[in-house]
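For reference, the structure is listed below as structure tokens.
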Amino acid sequence: MHSPKPPLKALLLLTSLLSTCTPSPAAAQSCGSTGLAVQVLGSGGPESQDKRASTSYLVWDHGNARVILDAGGGSALRFGESGARMSQPDVFLFSHFHVDHSSDFPALIFSSWFEDRKRPLPVYGPTGNDFMPSTTEFVHELFADPHGAWRYLSELVEPGQGSYQLQPHNVAPSSTPVLIFRNANMAIYAVTVIHGQVPTLAWRIEIGGKRIVFSGDTNGEGEGLTQLASNADLFVAHNAVPEGATGVERRLHMPPSVIGATAANAHVKQLVLSHRMLRTLGKENETQTEIKRRYSGPIQFANDLDCFPIK
Ligand SMILES: [Zn+2]
């Protein structure tokens, strides 16, 4: 049974109308306004001292932020700075649920209450295990009655209740790329990658005849990521560890040599390095040298809000 509640949305809208200060208009959105582009909302890892937002990306298509991938700490602020609106995404993707990839999700969702989103928002991410919730568990443990942390927003996960619905889906593990989502604008594929014991996905968005691939966090083991990245127009890889990393760092992340080999074997056209951490920041020359031994295409290091057009 759904217990009666005050009309939350009406209260929230009234609160915003009664606010005495008028918010300044969002910055004019420029990334991807006339074509396809990836905007890096968060280029850092989990460390606050890197002075970067944690992982998050937008795929822009002619002025629409069609896809948001991950939502690490600080990304909600960067999302606002990008000029995107929560009414725009067709789909929300998660690589995995480490804090530096997921902690701003509730902030972005609450922001959407103050916008005019009406259509459902599908949310795709990995299945769970003993260490991590599945995507459906993650969303319900945040918002569902009676135990969700922010159950005051439970209308979002109760069909027919709120102004729009979150629709979480678990992506079954697969060592080869699988079609996960398709609409009139794009097709989206995922493959399972190895990130310690954390269920993790890499993602490919096919849009406007182009391929955009995100490695997520992975140590690069297996062939799935190379298959997913095959002929990518843009490949975003995570530069979380330096060459020579060992132990847990290496079990979780791929060093530059593995990034370079993957980019070369997949024949990617453009490589962007993100998820930059204190242990790789300042080592860009060494990183680039290792990658260039294997991959001859263009390499760029990402900073927050950087825009990478897809030509
Ligand atoms: Zn991470």
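Each value in this text was obtained by applying a stated rule to the coordinates, not by laboratory testing. These figures come from a predicted structure and were not determined experimentally. For neighbour counting, all protein chains shown are included, and Cβ atoms are generated from backbone atoms with ideal geometry for every residue, glycine included.
Along the positive direction of the dipole of region 31-307 (beta-carbon charges: Lys, Arg +1; Asp, Glu -1; about the Cα centre), which of Phe94, Ser230, Pro255 reaches farthest?
Positive-most Cα among the choices belongs to Ser230.
Is region 145-273 best put as rounded, prolate or oblate by its Cα gyration tensor, with a ≥ b ≥ c the root eigenvalues, rounded for a/c under 1.5, and otherwise prolate when a/b is larger than b/c, oblate when not? Walk me through the numbers before you get to the answer.
On the way: a/c = 2.65, a/b = 1.54, b/c = 1.72.
Judged from the Cα gyration tensor, region 145-273 comes out oblate (a/c at least 1.5, b/c at or above a/b).
Using the Cα centre of the chain as the reference point, and only Cβ charges (+1 on K/R, -1 on D/E), how large is the resulting charge dipole? Debye, rounded to the nearest 20.
620
Using a Cα-Cα cut-off of under 16 Å, which aspartates and glutamates could be cross-linked to Lys311, ignoring same-chain neighbours fewer than 8 residues away?
Asp61, Glu206, Asp233
Work from the charge dipole of region 31-307 (Cβ charges, +1 for Lys and Arg, -1 for Asp and Glu, about the Cα centre) and give the residue of Pro46, Ala202, Ser154 farthest towards its positive end.
Of the options given, the answer is Ala202.
Starting from the amide H of Leu121, placed 1.01 Å from N in the peptide plane, find each other amide H under 5 Å away whose residue is 5 or more places distant or on another chain.
Amide H neighbours of Leu121: Gln165, Leu166, Gln167.
Please report, in whole Å³, the volume per residue of the convex hull around the C-alpha atoms of region 31-307.
In region 31-307, the Cα hull volume divided by residue count equals 118 Å³.
Can you tell me which of 42-53, 201-212, 93-104, 296-307 comes out highest on packing, and rank the rest after it, using the mean Cβ neighbours within 10 Å?
So the peptides 42-53, 201-212, 93-104, 296-307, ranked by packing, come out 93-104, 201-212, 42-53, 296-307.
How large is ³J(HN,Hα), in whole Hz, for each residue of region 63-79 in order, when computed from phi with the Karplus curve 6.51 cos²θ - 1.76 cosθ + 1.60 and θ = phi - 60°, using x for Gly and Pro?
Running phi through 6.51 cos²θ - 1.76 cosθ + 1.60 with θ = phi - 60° gives x, 10, 7, 6, 10, 10, 10, 6, 8, x, x, x, 6, 5, 5, 5, 4 Hz.
If a paramagnetic tag sat 7 Å from the Cα of Lys51 along the Cα-Cβ line, which residues of region 278-300 would have the backbone N under 11 Å from that point?
Once the point is set 7 Å along Cα→Cβ of Lys51, nothing inside region 278-300 turns out to lie under 11 Å by backbone N.
From the phi angles alone, apply the Karplus equation (6.51, -1.76, 1.60; θ = phi - 60°) to region 158-167 and give each ³J(HN,Hα) in whole Hz, x where the residue is Gly or Pro.
Each residue's phi maps through the Karplus curve to give 10, x, x, 9, x, 6, 8, 10, 7, 10 Hz.
Points 7 angstrom from Cα along the Cβ direction at Thr246 and Lys311: gap in nanometres?
4.4
Grab the DSSP H runs of the chain that are 4 residues or longer, score each as -39,500 (n - 2.57), total them, divide by all residues and round the 222 nm result to the nearest 500 deg cm²/dmol.
Using -39500 (n - 2.57) per qualifying helix, the result is -6000 deg cm²/dmol.
Quick one: if the Förster radius is 35 Å, what FRET efficiency do Ser175 and Ser111 give, using the C-beta to C-beta distance and rounding to 0.05?
Details: r = 36 Å, r/R0 = 1.04.
With a Förster radius of 35 Å, E is 0.45.
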